[in-house]
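Working notes, structure below.
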């Protein structure tokens, strides 16, 4: 399962740990002093080091320091029969994962080994993700130069260096997780884990265990202790996605963790201190959920210290061209295609569409286009039918200054589509009665009827006969 280096000057202890760890399925290497341990770091490259503090040659602290230099993601467990508070503090400050006192219980060692290996695995995943985010994937970049996106970027820079809790709001697909990752990567916790927890994706019965951990035997199936996400994120960031889906019963316990920085494992006694920054995200209006009793008001205030709202793609159309090109470049490389760009006609269609699925939908559209393209340019015929016949709506005044895309646009068609969508909406609200629809749009009945006939829209026959 894992490679573990055991460093101890007592042969009986080395042999005992070797038998115990091999029985658990691990590969074990033994060393009796610090020089032998340092040599093993380069040849064996362990996932975990278990070292005594006092050795005949060198010390466990020397082994710890060498491990941190050679293998930053490898965890170190310190054990000693000569425990002092000063030694423990020194070891933890140097980066030791945990500190055990001899004689220790086998169960205690087993739990700490499992926790250490779990954290190491999460660190590896986080490092791979970090490299992915730092330029190896266009998807992981907050691309665009629109004023709306620049406002988001400025807020990210301001909060990245703090410990403040952040709430990221916005429609699904806008890139809320990318904002959270950017905050993490631009701050002092960038080298620590960034762990994502989807609050709506875990069955309610398992939520507490996944968030806060559990002890062995806490419930049926808990055959061994497990660290929760707050423990695993040691020194890093926990991203709670779709926090609005969290049941009220769990919200109470989450609030306690945020306030006290202590987690209580399910079935456990006492609490464990945790050091993890929390960033939450939601596409819901949490204030409305507070009003109807579906979200705790005190948790809302605790989460909403800093709020960053990610605007939908339809409100920052100027960002569509750079995003589309970046996605095309990415999928072209991944698929080994020969698409070198996007035609002007295709880009015009891309810029006219409203993207109810936001950036995620644009990404899917481009992936489809690259897959189906037969020439060097992504052309309109490889775009989805609904996008080629898009009825786009210009940004509302509240969303900022409308922008003309690089490829230009058909103003007459755009205005006609916008007018059509408003008339259709009014007819739906009025149950198809034109008179009522005209009132909703502050138009005379004759003016509404003329516009509806021009656009080929119908209503109820009785309403068609009215004349006011």
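Read the figures in this text as sums done on the coordinates, not as results from a lab. Computed from a predicted model, the values in this text were never measured in an experiment. A quick note on method: Cβ atoms are made from the backbone with ideal geometry, for glycine too, and the neighbour counts reach across all protein chains shown.
Remarks
- With the highest mean first, a sort of the peptides 181-192, 440-451 on other beta-carbon atoms found within 10 angstrom per residue produces 181-192, 440-451.
- Cα pair distances in region 142-309, grouped into 10 Å bins until the bin that holds the longest one, percent each: 10, 38, 35, 14, 2, 0
- For the chain, the antiparallel share of DSSP beta bridges with both residues in that region comes to about 10%.
- Global form of region 215-304, assessed from the alpha-carbon gyration tensor, a/c cut-off 1.5: prolate
- For region 1-78 versus region 255-312, the gap between their alpha-carbon centres in whole angstrom: 39
- Mean separation of Cα contacts under 8 Å, 6 or more apart, over the residue count of region 290-366: relative contact order %: 32
- Prolate/oblate/rounded label for region 20-70 (Cα gyration tensor, a/c 1.5): prolate
- Options (i) 21.2, 73; (ii) 21.5, 65; (iii) 29.4, 104 - which one matches Rg and Dmax of the Cα atoms in Å as calculated here: (iii)
- Tensor-based shape of region 3-119 (alpha-carbon gyration tensor, a/c under 1.5 rounded, otherwise prolate or oblate): rounded
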